[in-house]
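The values are calculated or read from the model by the stated rules, or taken from the named source; none is laboratory data. A quick note: this is a predicted structure, and the numbers were derived from the prediction, not measured. Note: ideal-geometry Cβ built from the backbone for every residue, glycine included; neighbour counts use all protein chains shown.
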Amino acid sequence: MQPQLLGDDQKKQNLKLVILVSGYGSNLQAIIDAILQQKLTATIQAVISDNPNAYGLTRAKSASIPTKVLSPGTYTCRETYDHTLADIIADYNPDLIVLSGFMRILSDQFVQRFIGKLINIHPSLLPQYPGLNTYKRAIADGAKRHGCSVHFVIPELDAGPIIAQSALAIDVDDTIESLKQRTQKLERILYPKVIRWFAEGKVIYSERGTPILIHPVTK
Ligand code: GRF
């Protein structure tokens, strides 16, 4: 069966989101702000973290969003952890599960359960630089461009259909830190925008892996 998300006949007025964070949560904050500023019609049902010290949890609490912490240490294996996490998420019956700096690799079973409803933001112009240390690798390669990608999550790491990308030119004097700052600024614009497209019924997941919608955003 081909999973579909939010076709024309399924348009959502108020998108239900569950957001997963591990750290600082600047993208989470951008989504919260977009909702508060009424640029995005959505409800964040819960923010869930594997890290009890994630600052993203503080941001969620400040916005009166329910939070949950699921520490991996108490689970014997990834599959058990992911199964518990998946059950918690499924209880919310969200329209979209948003990975926002969630630093765990999710098991195939988890991904398959939510395929088409699970998105991630990655700090590179995929398919370039999947994985970690994208800024360092881009600068070491003398790359001319960098940016960020929002994509559907599939079992293969950072390889799912790309929904949208935002690009910048790498300056000769860019450092890893400056490139990170500049890219993350783009992320905080792009992620709420893509989620809004979901709320507007503009994004459909295709199992064939063809990006249905690519909007390069340069400013
Ligand atoms: C972002 O740069 C995102 O691309 C990557 O993790 C980082 C999370 O940042 N997946 P934050 O926690 O949203 O500030």
Quiz item: Which pairs do you get when a residue that is within 11 Å of the ligand (Cβ to nearest atom) and assigned to a strand (DSSP E or B), found in region 111-132, comes within reach of a residue that is basic (K, R) and modelled with pLDDT of 95 or more, reach meaning Cβ atoms under 6 angstrom, with the pair 6+ apart or on two chains?
Solution: none
Quiz prompt | Output for region 139-157, where each listed residue is over 29 Å from T41 (Cβ atoms), surrounded by fewer than 22 Cβ atoms within 10 Å (Cβ to Cβ) and of a type outside the set (K, R) | solution = I139, A140, D141, G142, A143, P155, E156, L157
Quiz item: With respect to the numbered conditions (1) over 20 Å from I119 (Cβ atoms); (2) at pLDDT 95 or above; (3) more than 15 Å from the ligand (Cβ to nearest atom), which one is the sole condition not fulfilled by D82?
Solution: (1)
Quiz item: Do we find a residue being surrounded by fewer than 18 Cβ atoms within 10 Å (Cβ to Cβ), within 13 Å of the ligand (Cβ to nearest atom) and closer than 25 Å to W197 by Cα anywhere in region 28-50?
Solution: yes
Quiz item: Take the residues of region 170-219 that are buried (at least 18 other Cβ atoms within 10 Å of the Cβ), at pLDDT 95 or above and touching a Phe, Trp or Tyr at 6+ places or on another chain (Cβ under 8 Å): which is nearest to N27 (Cα to Cα)?
Solution: T183
